[in-house]
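Comments concern the structure below.
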Amino acid sequence: MIQKERIRALNERRVRKGKYILYWMQASQRAEYNHALEFAILKANELRQPLIVFFGITDQFPEANERHYTFMLEGLKEVKDSLKKRGIQMVIRHESPEVGALRLATRASLTVVDRGYLRIQRTWRDNVSKRMASPLFQVESDVIVPVEETSPKEEYAAATIRSKIKRKLDGFLVPLKEHEPLIDSLALDFDSFDIDDLEKAISKLRIDRSIKRVDSFHGGTKEAKSHLETFLDSKLDRFPELRNDPTLDYVSHMSPYLHFGQISPLYIALEVSKTGSPGIEAFLEELIIRRELSMNFVFYNEKYDCFEAIPDWAKKTLKNHQKDKRSSLYSLKELEGAKTHDPYWNAAQKEMLHTGKMHGYMRMYWGKKILEWTKTPEEAFRNALYLNNKYELDGRDPNGFTGVAWCFGKHDRPWGERPIFGNLRYMNDKGLKRKFDADGYVKMIDASATAL
């Protein structure tokens with residue numbers, strides 16, 4: 001079932017007689033549980049035409065580097081192979097997505113695109129919709145409840161969005177039926193960027209190579225489902241009580257795969273719900289409520305990547321305490337190299353440097369300490385976002401932007417006043433030690449870094 005609320009016409013062009021239906025894949029990089037793909041197949045079958053799936057690889061995606069591109073291409077290779085089994089040709093071009101989409105749309109009867117929430121993704125779709133001679137339909141597939149269906153405005157916190165999502169949840173938390181195309185498109189002749197040889201493909205990209213790929217995580221839907229299966233079998237039951245302990249691996253590791261659209265949040269939610277586990281409610285709170293709060297934030301707040309996006313009360317209290325004495329000040333270079341006096345913070349930074357992912361609880365501590373050790377809150381915000389986006393596989397993402405902003409008061413409330421932080425929530429190493437074996441975490445990270 002593809003709910004009408006997921007579908008939006010981005011222009012008012014009429015369907016014309018073309019050679020094929022085009023699905024411009026960008027955010028939802030998967031061949032299963034993809035509402036945009038299924039909608040495109042239905043349209044192709046309705047018009048008795050073949051379906052072509054297009055993906056554009058730009059060298060200039062903001063802040064992306066070899067680490068991100070490798071993970072993405074690993075997933076795209078799997079998508080291409082999966083689509084081929086369904087008789088659907090995937091055309092990959094080494095060019096900016098909106099340019100490639102417009103080229104291929106010149107011979108399309110209509111085009112379908114998935115939805116992205118970041119500024120660059122929305123700009124691409126907006127520009128293409130205005131210049132395209134045929135219809136462009138956007139189909140939202142990377143949230144459970146479509147953003148505008150949940151709320152017409154930016155929500156203040158999880159507490160204000162939770163009931164709005166839950167009211168709509170039953171209507172959207174339903175399985176997606178897979179359709180088969182009536183007409184095979186594999187014989188159609190298109191030039192395509194070859195990604196079968198991953199090393200060769202990566203070498204042809206003109207990208208930032210300073211941040212290397214990681215062995216900890218590999219891209220693709222199969223990898224995502226393997227992590228999910230492990231989580232459901234051996235972690236979900238104790239997720240509520242052990243998720244905040246970074247010395248124990250009780251998290252799902254879904255965030256990099258969700259970031260690249262390699263697995264559907266709907267598929268995850270349905271699989272989790274089948275288990276009957278006591279951990280269902282806690283996990284779905286993070287997967288649906290917290291994650292979709294972040295989509296709401298970046299969609300409705302144009303300044304989502306700036307210090308200005310935090311609440312007025314947070315800006316005011318930080319300004320009042322900006323001149324407070326800092327016990328330590330670190331440059332961006334020192335932070336990047338994990339060269340602080342704090343072994344716990346250094347371990348968190350090293351985890352991100354070497355694995356492309358940082359434990360969620362440590363991310364909160366990590367961000368709070370950057371604020372504490374930087375001369376101004378504005379500079380601290382920029383530094384945290386820079387590091388997060390550069391090294392995290394799930395950086396440059398609504399969750400990433402929201403996570404950094406949370407450290408500066410977004411989606412939180414005022415707490416007791418203290419130096420530097422004012423009324424912002426405070427975290428220290430004593431709090432870490434009360435929750436888990438913080439020294440054990442340092443030893444674990446140092447050991448894994450040495451082994452690399």
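The values are calculated or read from the model by the stated rules, or taken from the named source; none is laboratory data. The shown structure was predicted, so the numbers you read here are calculated from the model rather than taken from an experiment. Ideal geometry is used to build each Cβ from the backbone, glycine not excepted, and the neighbour counts take in all protein chains shown. Note: areas computed on protein heavy atoms with side chains; ligands, DNA, RNA excluded. Shrake-Rupley method; radii C 1.70, N 1.55, O 1.52, S 1.80 Å.
A few points about this structure:
Conditions (1) among the basic types (Lys, Arg); (2) open to solvent by 40 Å² or more (accessible area, probe 1.4 Å); (3) touching an Asp or Glu at 6+ places or on another chain (Cβ under 7 Å), marked per residue:
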site	(1), (2), (3)
Arg162	yes, yes, no
Leu188	no, yes, no
Ile195	no, no, no
Lys212	yes, yes, yes
Ser216	no, yes, no
Lys222	yes, yes, yes
His227	no, yes, no
Asp233	no, yes, no
Asn244	no, yes, no
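- A count restricted to segment 382-407 and to residues that are part of a helix (DSSP H, G or I) and closer than 19 Å to Arg119 by Cα stands at 14.
- In the set Ser203, Ser255, only one residue is in contact (Cβ under 8 Å) with a residue 12 or more places away in the chain and not basic (Lys, Arg); that residue is Ser255.
- Residue that is least open to solvent (accessible area, probe 1.4 Å), among those in segment 413-430 that are outside any loop (DSSP other than H, G, I, E, B) and farther than 11 Å from Thr317 by Cβ: Asp429
- Qualifying residue in segment 219-239 (condition: more than 21 Å from the chain's Cα centre (by Cα), modelled with pLDDT of 95 or more, outside any helix (DSSP H, G or I) and charged (D, E, K, R)): yes
- Residue within segment 303-313 that is open to solvent by 20 Å² or more (accessible area, probe 1.4 Å) and within 30 Å of Glu178 (Cα to Cα) present: no
- Yes/no for Ile445 being in contact (Cβ under 8 Å) with a residue 60 or more places away in the chain, in contact with a His (Cβ under 7 Å, 6 or more places away or on another chain) and either open to solvent by less than 60 Å² (accessible area, probe 1.4 Å) or not hydroxyl-bearing (Ser, Thr, Tyr) (or both): no
- Note on segment 358-375: residues that are in contact (Cβ under 8 Å) with a residue 60 or more places away in the chain and outside any helix (DSSP H, G or I) total 1.
- The condition of being of a type in the set (Ser, Thr, Tyr), without any contact (Cβ under 8 Å) to a residue 60 or more places away in the chain and surrounded by fewer than 19 Cβ atoms within 10 Å (Cβ to Cβ) holds for Ser96.
- When residues of segment 126-147 are limited to those that are out of contact with any helix residue (DSSP H, G or I) (no Cβ under 8 Å at 6 or more places or on another chain) and not hydroxyl-bearing (Ser, Thr, Tyr), the one least open to solvent (accessible area, probe 1.4 Å): Pro135
- Pairs where the first residue, in segment 212-236, is of a type in the set (Asp, Glu) and the second is part of a helix (DSSP H, G or I), C-beta under 6 Å, 6+ apart: none
- Hey, Lys410 under 18 Å from Tyr304 (Cβ atoms), open to solvent by 10 Å² or more (accessible area, probe 1.4 Å) and in a loop (DSSP other than H, G, I, E, B) or not: yes
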